[in-house]
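Data block below; observations after.
The values are calculated or read from the model by the stated rules, or taken from the named source; none is laboratory data. These numbers come from a predicted model, not from an experiment. Note that each Cβ is placed from the backbone with ideal geometry, even for glycine, and that neighbours are counted across all protein chains shown. In case anyone asks, the SASA skips ligands and DNA or RNA and just uses the protein heavy atoms, side chains included. Shrake-Rupley method; radii C 1.70, N 1.55, O 1.52, S 1.80 Å.
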Amino acid sequence: MRHEIYKQLCLKGGFVSGEHLSAALGVTRAALWKHIKAMQADGAVIESVTGKGYKLAQPPAVPRAEYVRAHLKQDIPVFYEDTTASTNELAKAAAQDSSLRFAVFLAGEQTAGKGRKGRKWVSAPGQGVYLTMLARPKISPEKVSGITLMAAVAVCEAIAQTAQIEAQIKWPNDIVLGGKKIAGILTESMMHMDGVEFVVCGIGINTDSTRMEGTLSRTADALQANNTLLAAAVINTFLDAYDVFVQNGVAAFMDAFRRRSAISGAVHLITAGGSETGTLAGFDDDGAILINCGGETKRFVAGEVSLRGEKGYV
């Protein structure tokens, strides 16, 4: 019911009378008021004027499913938890139901959020957007890594739409602004004999820098954006990109990826087998990074780029 009330407020744009909402949705005025108060408790700014009704001035800060769904272009399952260990783990558990083909999992807080190489992702309540997309793409296993690059482009587009800023991508999975990390992407997959069973793509975006302290404040930053609108924009841009990706692969996104790349000049790449230092030669259409190492161009499909030496995050 709260989704329907919120959706009505979004659609109307201006004031909507309580009488109209009650009649249209089949709820009492008292029940309607309780839902309005609950939305306000979640950070929504709802004006109430006698004789006019209610007007949504600002969406809720808490990105609950009932709010986010009202802003989506496609009707897909969206789930929300106030607190969970990890949205990726939620998605992987839900993926055991093979009838669930595509879904989104959101959380207000992650107690065990993680990034690449098992690093902890700080996911405190109200400080960011934490979501995971569950999908079952019909692609070969070697194509899965391209979802991370595709998602990076989609996240940058969502940030531009909601925060009106142009973020950059640090290959392969970090979103940066002014040299500091504002978002990260972690893609995981499950394979079976026939190929890819499912993929989960976790996305975390910082939206509150006021509580960043110590080392974290030196390497990370945050957007100023409404969490509900940002979450919806990420889902919408991801869905648009996903359809293109399944048909055309990551090559369809590499021009946009190159334009948004935060990497240029000298590059230090840390890989599972060691490290390489050289000059960026570009990215190929399969998403690999190309580095000129002493006159030889080398191609890498995995690794971590450091622009400030091995101990620098970015």
Residue satisfying all of: in the range 153-174; aliphatic (A, V, I, L, M) and touching a Cys at 6+ places or on another chain (Cβ under 9 Å); surrounded by the fewest Cβ atoms within 10 Å (Cβ to Cβ) among these: 167
Qualifying residue in the range 266-276 (condition: crowded, with 17+ Cβ neighbours inside 10 Å and touching a residue at least 60 places away in the same chain (Cβ under 8 Å)): no
Flag if residue 245 is modelled with pLDDT of 95 or more, of a type outside the set (D, E, K, R), open to solvent by less than 20 Å² (accessible area, probe 1.4 Å) and under 30 Å from residue 69 (Cα atoms): yes
Residue in the range 129-152 that is surrounded by the fewest Cβ atoms within 10 Å (Cβ to Cβ), counting only those that are farther than 15 Å from residue 240 by Cα and touching a Leu at 6+ places or on another chain (Cβ under 9 Å): 136
Count - residues of the range 175-188 that are surrounded by fewer than 18 Cβ atoms within 10 Å (Cβ to Cβ) and without any contact (Cβ under 8 Å) to a residue 60 or more places away in the chain: 1
Strands (runs of 3 or more DSSP E) (entirely within the range 1-110) containing at least 2 residues that are in contact with a Ser or Thr (Cβ under 6 Å, 6 or more places away or on another chain) and open to solvent by 20 Å² or more (accessible area, probe 1.4 Å): 103-110
Hits in the range 285-305 (condition: in contact with a Leu (Cβ under 9 Å, 6 or more places away or on another chain) and more than 11 Å from residue 271 (Cα to Cα)): 287, 289, 290, 291, 292, 297, 298, 299
